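Below: one structure, written as structure tokens.
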Amino acid sequence: MSVFEMKDVSYSYDKSKRILTAVNAVFETGKMYAILGVSGSGKTTLLSLLGGLDVPQKGEILFDGMDISEHRLEYHRRNHVSLIFQSYNLIDYMTPVENVKLTAKQDALLVLKHLGLTEDEVKRNIMKLSGGQQQRVAIARTLASDTPIILADEPTGNLDEDTAAEITEVLKNCAHQMNKCVIIVTHSNDLAKQADMVFRLKKGKLQQL
């Protein structure tokens with residue numbers, strides 16, 4: 001079912017640097033999307049617009065058919081979308097369960113265990129976990145917030161090949177088993193191969209592959 005849509009979205013930093021030009025895309029629940037593009041192509045900007053962290057200069061971003069700007073963008077960020085970052089964005093003096101509880105509408109401990117963390121690991125300082133474990137905590141924080149859309153910015157970029165494959169599988173399960181709409185911007189062709197639909201962002205245009 002269609003849940004998220006970009007309609008003729010354009011964005012530029014100044015008159016000489018157009019980042020996005022009349023971008024159109026429809027995203028559905030239960031699917032994982034990958035958006036490929038070289039550095040500087042505008043992938044993170046696109047994700048920021050979808051997440052309500054910035055606003056398009058032209059066009060609309062619709063959630064369930066309604067422009068997200070009709071509510072406060074804070075409402076959109078709190079209720080509709082959750083973001084996963086390459087750098088994890090966890091609070092380093094807290095444990096995994098404390099990090100997840102900050103945004104949790106579900107049982108933080110159960111979500112962490114579902115993603116493979118042990119009873120001991122969820123009580124450690126976050127900095128004592130591996131990169132793959134930290135990314136699982138970031139995903140758990142997203143799932144515990146109970147939003148229908150997950151936006152991920154290079155979620156496997158800091159991980160080794162095997163761990164990246166594991167995290168990709170977790171994100172795919174978020175879409176297919178939990179019926180989330182998962183949108184990932186990435187350089188990784190391996191991750192993109194696992195997506196239900198792949199786009200490439202090039203010269204301001206979003207093309208379906």
Subject >> In the range 2-24, the residues that are closer than 11 Å to residue 62 by Cα and small (Gly, Ala, Ser) >> reply: 2
Original post:
Does residue 142 meet the test of being modelled with pLDDT under 95, in a loop (DSSP other than H, G, I, E, B), of a type outside the set (Phe, Trp, Tyr) and closer than 12 Å to residue 84 by Cβ?
Top reply: no
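Does the range 148-165 hold any residues that are part of a helix (DSSP H, G or I) and over 16 Å from the mean Cα position of the chain (by Cα), and which are they?
161, 162, 163, 165
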**OP:** State whether one or more residues within the range 7-17 are within 23 Å of residue 80 (Cβ to Cβ) and touching a Phe, Trp or Tyr at 6+ places or on another chain (Cβ under 8 Å).
**Re:** no
**OP:** Could you list, in sequence order, all residues of the range 186-198 that are assigned to a strand (DSSP E or B) and modelled with pLDDT of 95 or more?
**Re:** 197, 198
**OP:** Could you tell me whether any residue of the range 114-123 is under 30 Å from residue 19 (Cα atoms) and touching a residue at least 24 places away in the same chain (Cβ under 8 Å)?
**Re:** no
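For (1) in contact with a strand residue (DSSP E or B) (Cβ under 7 Å, 6 or more places away or on another chain); (2) more than 25 Å from residue 3 (Cα to Cα), each residue gets a yes or a no:
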position	(1), (2)
119	no, yes
134	no, yes
141	no, no
145	yes, no
160	no, yes
165	no, yes
169	no, no
173	no, no
Subject >> Residue list for the range 161-196, filter: free of Cβ contacts under 8 Å to residues at least 12 places away in the same chain and more than 21 Å from residue 137 (Cβ to Cβ) >> reply: 193
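If you check residue 172 against the conditions, is it in a helix (DSSP H, G or I), among the charged types (D, E, K, R) and within 27 Å of residue 53 (Cα to Cα)?
So residue 172 fits the description; yes.
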Subject >> Out of 147, 142, 156, 103, sole residue that is farther than 16 Å from residue 51 by Cβ and among the hydroxyl-bearing types (Ser, Thr, Tyr) >> reply: 156
Original post:
Can you name every residue in the range 154-163 that is in contact with a Ser or Thr (Cβ under 7 Å, 6 or more places away or on another chain) and buried (at least 21 other Cβ atoms within 10 Å of the Cβ)?
Top reply: 156
**OP:** Within the range 146-161, track down each residue that is closer than 23 Å to residue 45 by Cα and not aliphatic (A, V, I, L, M).
**Re:** 147, 148, 153, 154, 155, 156, 157, 158
Original post:
How about the range 6-49: which of its residues are touching a residue at least 60 places away in the same chain (Cβ under 8 Å) and of a type in the set (Asp, Glu)?
Top reply: 28
Original post:
Only one of (1) surrounded by fewer than 17 Cβ atoms within 10 Å (Cβ to Cβ); (2) within 15 Å of the chain's Cα centre (by Cα); (3) farther than 20 Å from residue 50 by Cβ; (4) not acidic (Asp, Glu) is not met by residue 187, so which one is it?
Top reply: (3)
**OP:** Inspect the range 103-110 for any residue being in contact with a helix residue (DSSP H, G or I) (Cβ under 7 Å, 6 or more places away or on another chain) and without any contact (Cβ under 8 Å) to a residue 40 or more places away in the chain and give the result as yes or no.
**Re:** yes
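The values are calculated or read from the model by the stated rules, or taken from the named source; none is laboratory data. Please read these numbers as outputs of a predicted model, since none were measured by experiment. A quick note on method: Cβ atoms are made from the backbone with ideal geometry, for glycine too, and the neighbour counts reach across all protein chains shown.
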